Number of protein chains: 2
Amino acid sequence: MQHLLDKKIIVQGFPGCFHEEAAIKYFGTQKLNIIPSTTFNLLGEKLVNNPKDHLAIIAIENSIAGTILQNYRILREKQLRVIGEEYLRIRHNLMALPNQRIEDINEVHSHPMALNQCLEFLAKYPHIRLVESDDTALSAKNIRENKLNNIAAIASETAARIYDLEILNHGIETSNVNYTRFFIVQDATQILPEGAYDKASIYMRVSHEKGSLMRALACLYNNDINLTKLQSFPVLGSVNEYYFHIDVEFDDFKKYKKMMSEIDVATLMVDVLGVYKKANIYDHQTIG
Amino acid sequence: MQHLLDKKIIVQGFPGCFHEEAAIKYFGTQKLNIIPSTTFNLLGEKLVNNPKDHLAIIAIENSIAGTILQNYRILREKQLRVIGEEYLRIRHNLMALPNQRIEDINEVHSHPMALNQCLEFLAKYPHIRLVESDDTALSAKNIRENKLNNIAAIASETAARIYDLEILNHGIETSNVNYTRFFIVQDATQILPEGAYDKASIYMRVSHEKGSLMRALACLYNNDINLTKLQSFPVLGSVNEYYFHIDVEFDDFKKYKKMMSEIDVATLMVDVLGVYKKANIYDHQTIG
């Protein structure tokens, strides 16, 4: 891990955003050289233009919103390689300048998705006006920089720490099963970090003959490869075609290699987005 | 179709939004009794509270953004039934009060997703400031109601018609393969409209035994049922479980019924979101 920590880590969002939290969790330290990026597209470009000394963290799915299809597309189009994954429980916190109580707050600023995920909590304070912003961390930053009293932000604990705000209420999200999965990615030209790989993200295209998907899945079954994600996707530019994104887990890398050589024959196209060590935040059960 | 046209149609968004365009395309007439709803959740509630004389239109996936997982959840939780589908090519148009040229425009207002999808066009006019709004149609409405010169909106042709704006540029989206799929839904207590059904949306849970997904797919294969969508989804409240959303197409309703009785045995749980006639905007090819 040490040589990875020497690299700059590009994240989408402002300092204190959930991408930064995911990076801290994955690398196990707050001493990271984080490079903010305003969009996922720019993030991909920055990484490709600085392949040797940069990594990036990219959100790929959320338990409430679903798979972030655009980000899979960025991985493919920019030829990025997944070298790790991290799951982050998304916790929203109400924060403001120190020494205020919730009764003092007139407005809450945050990203619309964060406001939306805290509506049950906010409904208890009907006097508070909700104001949408571009980014959760940006709302926190704004309160600090403009010394805004009577205004609170909904953002991460990291944002509260960075912008020196006081958390009035922790974990105000309605659903406690709000998880986001992130990929840690590098440019395809870089050597894969060493490690005990037990998971891979691949995509494939199967013919539209009857039974072709079953033949592809049989390659997994015959080699004791577990499926943890399977999604069909329409192909942009050709509304009649479908690709699959698949995540697999395995105990034996040789069996994974054997499966890949068999699936190469059984499908029209197969490509590997990355092989990596699975995140152990919670036990993944296979689909069957 | 006539008795369906007597019903009120709840859509998410303001008059002129893409949901209204989808309704017009599906029913083949502009003479619809459209009820706007600000959120998908409220749309579901309104429909359940007015089961007899209301339908709803709900976006379910987009070729660029992917599947809208929240809306599948609303269908399941509110016990709504899919009675039809429609595909809409999302075309973005630049519109303003009449008799202005693009050189007169200082600001463009629209939903962030629409602005994002038109960045290549907008890059040609660096003098134009981009301003985010809650809704494409709302931006158009705002220009008309406040008689805003020098400001343009990005919205649908329907919005231009409703708010009497002049389209300066048609189809300014970067990707010409921006399609959204919509479901037409009714409350589960209502009788299914008659018709020649050839498509169904189902969801199922398979055990995490080895080969359980293949056994489920074999029920399709053995009955000549074509698969057009297959997605695994994490189960909220249980991060270890997965459901599948599946779309199938068939020529013979009896074979579909036979497949469903077999898949009922092969899976832990299976439920039907709806059987309906497939939309023929473009030919769907099966996954195999």
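The values are calculated or read from the model by the stated rules, or taken from the named source; none is laboratory data. These figures come from a predicted structure and were not determined experimentally. Note that each Cβ is placed from the backbone with ideal geometry, even for glycine, and that neighbours are counted across all protein chains shown.
Sort through B:89, B:81 and tell me the only one that's within 14 Å of chain A (Cβ to nearest Cβ), within 29 Å of residue A:63 (Cα to Cα) and touching a residue at least 60 places away in the same chain (Cβ under 8 Å).
B:89
Just to be sure, is residue B:173 of a type in the set (Asp, Glu) and either surrounded by fewer than 18 Cβ atoms within 10 Å (Cβ to Cβ) or within 26 Å of residue B:4 (Cβ to Cβ) (or both)?
No; evaluated as a whole, the condition is false for this residue.
Please go through (1) out of contact with any Gly (no Cβ under 6 Å at 6 or more places or on another chain); (2) modelled with pLDDT of 90 or more for residue B:179 and return the number of the only condition it doesn't satisfy.
For residue B:179, the failing item is (2).
Can you report the number of residues in the stretch B:170-219 which are β-branched (Val, Ile, Thr) and more than 19 Å from the chain's Cα centre (by Cα)?
5
Looking at the stretch A:136-155, is at least one residue touching a Pro at 6+ places or on another chain (Cβ under 9 Å) and under 24 Å from residue A:88 (Cα atoms)?
The answer is yes, given that some residue of the stretch A:136-155 is touching a Pro at 6+ places or on another chain (Cβ under 9 Å) and under 24 Å from residue A:88 (Cα atoms).
Where in the stretch A:1-79 are there helices (runs of 4 or more DSSP H), lying fully within it, with 2 or more residues that are crowded, with 19+ Cβ neighbours inside 10 Å, among the aromatic types (Phe, Trp, Tyr) and at pLDDT 90 or above?
The qualifying helices (runs of 4 or more DSSP H) are A:18-27.
(1) within 30 Å of residue B:214 (Cα to Cα); (2) surrounded by fewer than 19 Cβ atoms within 10 Å (Cβ to Cβ); (3) at pLDDT 90 or above: which one isn't true of residue A:204, the others all being true?
With (1) within 30 Å of residue B:214 (Cα to Cα); (2) surrounded by fewer than 19 Cβ atoms within 10 Å (Cβ to Cβ); (3) at pLDDT 90 or above applied to residue A:204, the lone miss is (2).
Regarding the stretch A:22-36, can at least one residue be identified that is among the aliphatic types (A, V, I, L, M), farther than 24 Å from residue A:191 by Cβ and within 14 Å of chain B (Cβ to nearest Cβ)?
No: zero hits.
Would you check which residues across the stretch A:80-98 are modelled with pLDDT of 95 or more and in a loop (DSSP other than H, G, I, E, B) and list them?
A:97, A:98, listed by residue number.
Residues in the stretch A:58-89 that are among the charged types (D, E, K, R) and in contact with a Gly (Cβ under 8 Å, 6 or more places away or on another chain): how many?
3
Can you pull out the residues in the stretch A:230-240 that are at pLDDT below 90 and at the interface with chain B (Cβ under 7 Å from one of its Cβ atoms)?
A:232, A:234, A:236, A:237, A:239, A:240
Please give the strands (runs of 3 or more DSSP E) falling wholly within the stretch B:110-211 in which 2 or more residues are within 30 Å of residue B:264 (Cβ to Cβ) and within 14 Å of another protein chain (Cβ to nearest Cβ).
Filter on the stretch B:110-211 gives B:199-205.
Looking at the stretch A:242-262, is at least one residue outside any strand (DSSP E or B), farther than 26 Å from residue A:10 by Cβ and at the interface with chain B (Cβ under 7 Å from one of its Cβ atoms)?
Checked against the condition, which is being outside any strand (DSSP E or B), farther than 26 Å from residue A:10 by Cβ and at the interface with chain B (Cβ under 7 Å from one of its Cβ atoms), the stretch A:242-262 yields no hits at all.
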